[in-house]
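S.K.: Take a look at this one; I'll ask things after.
The values are calculated or read from the model by the stated rules, or taken from the named source; none is laboratory data. The structure presented is a predicted model; accordingly, all values stated were derived computationally and were not measured. Because the Cβ atoms are built from the backbone with ideal geometry, glycine has one as well, and the counts that use them run over all protein chains shown. Accessible surface is based on the protein model in full, side chains and every heavy atom, while ligands, DNA and RNA are left aside. Shrake-Rupley method; radii C 1.70, N 1.55, O 1.52, S 1.80 Å.
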Amino acid sequence: MSVLQLEGVTTHYRTLRGWVRAAENVSFEVGKGEALGLVGESGCGKTTVALSILKILPAGAKIRKGRILFDGTDLVPLNDSEMRKVRWKGVSIVFQGAMNAMNPVFKVGDQIIEAIKLHEPDVTKADAYKRTEALLEMVGVDASRVNNYPHEFSGGMRQRALIAMALACNPKLLIADEPGTALDVIVQSQVLQLMKSLKEKLGLSMVMISHDLSIVAEVCEKIAIMYAGSIVEYGDVESVFKEPLHPYTQGLLGAFPSIKGEKKKLISIPGQPPDLLHPPTGCRFHPRCPYAMEVCKKEVPVLQKQGSGEHTVACYLY
Ligand code: SF4
């Protein structure tokens, strides 16, 4: 059984100018010990999907349709006190921007201990302290740093401490929102290796949000490509990388340099992502697509299976 299954999740934000259609009909599945990469340009709805799963959307946002099944239970109808039992212990998140995610006036260890005590009130302070030391060691930070303040940590250490905090209550599913952002490439690679080893060691399921395809290729087994609020291509990492079908996926891959392959001129995708207050009709990618046909402007393409396995694409070319 899947740990997480999204079925047609549609989340909109109410604004003074109308509804912003940030996530439209999003469906995917994450199995036990499996990692799914959610990839797309900034503003395509990746973070909205993450916030919808945890139901920590900002005021004015609403899940208008769909089901979010975690361990078989639909989270959409749950109220806040029921959701509190799911957050941290069931699903946990590492937020974007390690620099700002910790409270600067509290010691790193105390912030992790507080998370443990809040969700597991029966744990004694001494046990929570021991668990915090073990968590820091597990993510590669010396346990002696438990009494340091966030400003005494480097960027990479802060990111590791955030991962430790997210794992404090042994969640089944970890959502990592742009885990490599603001880190230099070497530290980024170390953090990704850490996430990969934690996934294997703890049997963790993961949703990794990124605009960087190489990050996803490194850690994930499955990939979902998002454009303007919808998933346009979905499948296992190998088949999507080897045979990208959607023109947007082809554009994304063409815009990334290959370290090992021959040197090629990088091609950017022309145009801008659409305004989700008034998204284009039909296929939302049609104003930027070099293959757009008449039907693309009128009808919304749905994800259709291509070839063997789980590879699906939403495009009238297939
Ligand atoms: Fe391009 Fe049409 Fe395919 Fe959309 S459906 S990606 S516009 S060919």
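S.K.: Exactly one condition in (1) part of a loop (DSSP other than H, G, I, E, B); (2) over 17 Å from the mean Cα position of the chain (by Cα); (3) small (G, A, S) is not met by S42; state its number.
M.R.: (2)
S.K.: Look at region 10-29 and say how many of its residues are closer than 20 Å to V300 by Cα, open to solvent by less than 30 Å² (accessible area, probe 1.4 Å) and touching a residue at least 60 places away in the same chain (Cβ under 8 Å).
M.R.: So the count comes out to 4.
S.K.: Can you name the residue in region 216-256 that is in contact with a Ser or Thr (Cβ under 6 Å, 6 or more places away or on another chain) and among the hydrophobic types (A, V, I, L, M, F, W, C) and, of all such residues, is farthest from the ligand (Cβ to nearest atom)? Write out each step before concluding.
M.R.: Step one: filter region 216-256 for residues in contact with a Ser or Thr (Cβ under 6 Å, 6 or more places away or on another chain), giving 216, 225, 233-234, 255.
Adding the requirement that they be among the hydrophobic types (A, V, I, L, M, F, W, C) leaves 216, 225, 255.
Values: V216: 21, I225: 11, A255: 16 Å.
Once the filter is applied, the top-ranked residue is V216.
S.K.: So is G66 within 28 Å of E34 (Cα to Cα), open to solvent by less than 60 Å² (accessible area, probe 1.4 Å) and not in a helix (DSSP H, G or I) or not?
M.R.: Yes: the conditions hold for G66.
S.K.: Would you check which residues across region 42-69 are in contact (Cβ under 8 Å) with a residue 60 or more places away in the chain and over 12 Å from I209 (Cβ atoms) and list them?
M.R.: G43, L54, G66, R67, I68, L69
S.K.: Give K85, K32 a once-over and let me know the one that is farther than 25 Å from R21 by Cα, free of Cβ contacts under 8 Å to residues at least 24 places away in the same chain and open to solvent by 80 Å² or more (accessible area, probe 1.4 Å).
M.R.: After ruling out the rest, the residue left standing is K85.
S.K.: Sticking with this structure for a sec: Select, from L317, L277, the only residue that is at negative phi and near the ligand (Cβ under 8 Å from one of its atoms). Give the steps one after another, and end with the answer.
M.R.: Values: L277 fails: near the ligand (Cβ under 8 Å from one of its atoms).
Residue meeting the stated conditions: L317.
S.K.: So, one more: Can you pull out every residue in region 278-314 that is surrounded by 12 or more Cβ atoms within 10 Å (Cβ to Cβ) and of a type in the set (A, V, I, L, M, F, W, C)?
M.R.: C283, F285, C289, A292, M293, V295, C296, V300, L303, V313, A314
S.K.: Ok, one more. Please go through region 293-314 and pick out each residue that is within 8 Å of the ligand (Cβ to nearest atom) and either within 23 Å of G235 (Cβ to Cβ) or touching a residue at least 60 places away in the same chain (Cβ under 8 Å) (or both).
M.R.: Scanning region 293-314 gives C296, P301, A314.
S.K.: From (1) outside any helix (DSSP H, G or I); (2) open to solvent by less than 40 Å² (accessible area, probe 1.4 Å); (3) of a type in the set (V, I, T); (4) closer than 19 Å to L167 by Cα, pick out the condition that doesn't hold for I56.
M.R.: Exception for I56: condition (2).
S.K.: Between residues in region 231-250 that are in contact (Cβ under 8 Å) with a residue 60 or more places away in the chain and residues that are assigned to a helix (DSSP H, G or I) and more than 16 Å from the ligand (Cβ to nearest atom), which pairs lie under 8 Å by C-beta distance while being six or more apart or on different chains?
M.R.: V237/V216; V237/A217
S.K.: Contact list please: Cβ distance under 9 Å, first residue in region 91-109 and closer than 15 Å to V146 by Cβ and of a type in the set (F, W, Y), second residue open to solvent by less than 30 Å² (accessible area, probe 1.4 Å) and modelled with pLDDT of 85 or more, pairs at least six apart or on different chains.
M.R.: Within 9 Å, the pairs are F106/P150.
Residue by residue, here is whether (1) in a helix (DSSP H, G or I); (2) open to solvent by 10 Å² or more (accessible area, probe 1.4 Å) holds:
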residue	(1), (2)
Q159	yes, no
L162	yes, yes
P171	no, yes
S189	yes, yes
A217	yes, yes
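S.K.: Now for a separate question. Only one of G66, G18, G33, G72 is under 20 Å from C220 (Cβ atoms) and not β-branched (V, I, T); which? Even if it seems obvious, please write down each step before you answer.
M.R.: On the way: G66 fails: under 20 Å from C220 (Cβ atoms); G18 fails: under 20 Å from C220 (Cβ atoms); G72 fails: under 20 Å from C220 (Cβ atoms).
Testing whether each residue is under 20 Å from C220 (Cβ atoms) and not β-branched (V, I, T) leaves just G33.
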